[in-house]
1. Dipole size in debye (nearest 20) for the range 99-196 around its Cα centre, Lys and Arg Cβ +1, Asp and Glu Cβ -1?
2. Is the range 272-324 best put as rounded, prolate or oblate by its Cα gyration tensor, with a ≥ b ≥ c the root eigenvalues, rounded for a/c under 1.5, and otherwise prolate when a/b is larger than b/c, oblate when not?
3. Output the Cα-based Rg and Dmax of the range 216-313 in Å, rounding Rg to one decimal and Dmax to a whole number.
4. Could you list Glu218, Glu104 so that the one with the fewest beta carbons within 10 Å of its beta carbon is first and the one with the most is last?
5. Could you give the length gained by full extension between Ile320 and Ala208, i.e. 0.36 nm per residue of separation minus their alpha carbon distance, to one decimal place?
6. Set the Förster distance to 22 Å, then compute FRET efficiency between Arg131 and Ala332 from the Cβ-Cβ distance, nearest 0.05.
7. Given the Cα-Cα distance of Ala152 and Thr188 and 0.36 nm per residue of separation, how much length would full extension add, in nm?
8. Can you work out ³J(HN,Hα) from phi for every residue in the range 234-246, in order, using Karplus 6.51 cos²θ - 1.76 cosθ + 1.60 and θ = phi - 60°, giving whole Hz and x for Gly and Pro?
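Values quoted throughout were computed directly from the atomic coordinates according to the rules given, and no laboratory measurement underlies them. This structure is a prediction, so every number in the text was calculated from the model and none was measured. Here the Cβ is made from the backbone with ideal geometry for all residues, glycine too, and neighbour counts use every protein chain on show.
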Amino acid sequence: MSKMIRYAIIAVLCLGLLAGCGSNESPTTAPAADTATPSASTPAAAAATNTTASQGATAAPTVAAPSAAAPTTAAAATNTAASGQPVQAAALVNGEAIPLAEYEAQVALAESSFSRQATYSNKEEREAAVRQVHRQVLDWMIDQMLIEQAAARLGIVMDDAAVEAEFAKARGNDANQFAKWLKDNDLTEETFRERLRSEMLGTKMRDAVTSYLPDKLEQVRLRHILVASAEEANSILKQIKTNDDFVRLAQQLSLDMGTRDSGGELGFYPRGVLSPEIDRVAFGLVVGQISDVISTAFGYHIIQVLERDPQHPVSPEMAIALQQQAFMDWLAAERTKSSIEYLVD
């Protein structure tokens, strides 16, 4: 299961929340460069996408809803809620229960959101996908509880008025359209508010735990050529080494439509934003040097370092990518040091 999926909570927790209510699906785009920034998602969208090390998300197989609720196991435990009443738990996070009923509701919502899209070749494939959906939903809920627990320790709270202001902004001026969007996404105004509150709290926590990030970093300016096969990449590399023009070859042969016309120009990147394969090579090259062929999830790359700046200003877009990566790292550390007990399959 991709950790990018698990950490998708760091941005938008409601499908189409910031993009408006015109669609019940979140858009997916292929990146111009192979980057390691997570995409935004609800549990439903997380279950329906498999994020590669990229800025965008690529669609993965979706699953038809087999039932309205997730199956539980005999291990599902009883925990005492703040009210003093016992609750069935799907998981315990540092001794705090994720209520089984809430988990089952989230699973039902996730399944419902993409049940109309699913096609599977056999029963075993479908059942495996269903199990993956259930685990992804629970992992999302565990991460959200870790965020809430950390927020409580730091005294970070969400103001009701701020939540209502964002709710009104999302609703817009067309109440009927908003109501239809809620229905299409199996949401109510109450559940939408709670997801909005979670998103806003996650944003506050992200800002709090990443406030140390600098506004200037060592960065390299790159250009690249992307092709589908190692054979083609090696052929192009031989041409470059015999003094063929990198820019011309990129314009003619690169599969990266976002940079092809500019001769493969990627711009400046700091460490930790590009995919690890490219990142390791890029920061090991001197200015003007051309890499060997690099294999990533997107294909085969040849890169060239055009400039290196030890204190290059971080662009707003890059700052977001670095902030989200730092938040993912923080959340991973929270998981490592926390006591997490899974009580359902």
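1. Numbers: 12 positive and 19 negative charges, 60 e Å.
Here the size comes out at about 280 debye.
2. Working: a/c = 2.68, a/b = 1.29, b/c = 2.08.
Note, shape of the range 272-324 comes out oblate.
3. Here Rg and the maximum Cα pair distance are 12.6, 39 Å.
4. Glu218, Glu104
5. Result for the pair: 38.9 nm of gain on full extension.
6. Calculated transfer efficiency: 0.45.
7. On the way: separation 36, 0.36 × 36 = 12.96 nm, distance 2.66 nm.
Additional length available on full extension: 10.3 nm.
8. 5, 5, 5, 4, 4, 5, 5, 5, 9, 6, 6, 7, 4
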